[in-house]
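To keep things clear, I will list the structure first and then write my remarks on it.
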Amino acid sequence: MSAKNNISLIGFMGTGKTSVGRLLSQKLKRESIDTDEMIEKETAMTIGEIFEQEGEAHFRKIEGELVKRLSGETNRIILCGGGVVLNKENIQNLRNGGKTVLLEAEPEEIYRRIQKDQTRPLLKGKMNLKTIKEILEQRQEAYLASGDIVVKTTNKTLEEVSDEIIKKLNKEC
Ligand code: S3P
């Protein structure tokens, strides 16, 4: 096992990383850090503004640098943006810092959860099931290769998902 014990939540938009992460943070009495929130704080821009004004590649660069920095810390719960898996180096860094937990959800459930949210630049003007399925499909392989443990979240409560994560992590150690 890695000497560091971070828990990094990864998965597509709307799979529950932020809400599950907050509960996990309470249950395990550990600080959770949301990479998107931290990027917004450090750049004083929203994720939407960064995509629009600086481009996606620039966002990915900032995201990668932050992931590397946080992976070097310990005892953290790191809540990653859905695209963190697009760069294998990010996953390597997260794994060097502890375990990765892949959250999964059915596309219909993802759509139901995020349809009213206008903050996600990749779905701006195309918030629909078809686009969600397309992006999921493009990323499927990367997601599957990136999770040390995998937890399905469709039709489960936050409580159930976080307990399942804790149980699976305990088994892994
Ligand atoms: C992205 C997911 C978002 C955010 C950005 C890009 C992606 O995070 O990082 O909009 O590429 O899937 P959430 O997964 O928290 O929505």
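A short reminder: the numbers here are calculations on the coordinates, not readings from a lab. Bear in mind the structure is a predicted one, so any value in this text is a computation, not a measurement. Cβ placement follows ideal geometry from the backbone for every residue including glycine, while neighbour counts extend to all protein chains displayed.
Just want the ordering: Leu79, Leu66, from fewest to most Cβ atoms lying within 10 Å of their own Cβ. Could the numbers behind the result be given before it?
Values: Leu79 26, Leu66 21.
In order of increasing Cβ crowding within 10 Å: Leu66, Leu79.
Fewest neighbouring Cβ atoms within 10 Å first, the residues Val161, Val84 line up as Val161, Val84. When both segment 5-32 and segment 92-142 are represented by their alpha-carbon centers, they are found 15 Å apart.
Taking one equal scatterer on every alpha-carbon of segment 6-167, how large is log10 of I(q)/I(0) by Debye at q = 0.10, 0.17 1/Å? Here log10 of I(q) over I(0) equals -0.33, -1.04. Compared with the direct C-alpha span, the chain from Glu31 to Thr43 gains 2.2 nm at full extension, assuming 0.36 nm per residue.
A P(r) calculated from all alpha carbon pairs of segment 72-152, with 5 Å bins opening at zero, reads 3, 13, 23, 23, 17, 13, 6, 1 percent. Backbone amide hydrogens, once placed in the peptide plane, bring Glu104 within less than 5 Å of Val151, Lys152, Thr153, excluding anything fewer than 5 places away on its chain.
For Gln92, put the label point 7 Å out on the Cα→Cβ axis and report which residues of segment 59-75 keep their amide N under 12 Å from it. Hits in segment 59-75 for Gln92 at 12 Å: none.
The label point for Lys68 and the one for Glu54, both projected 7 Å from the Cα toward the Cβ, are 1.5 nm apart.
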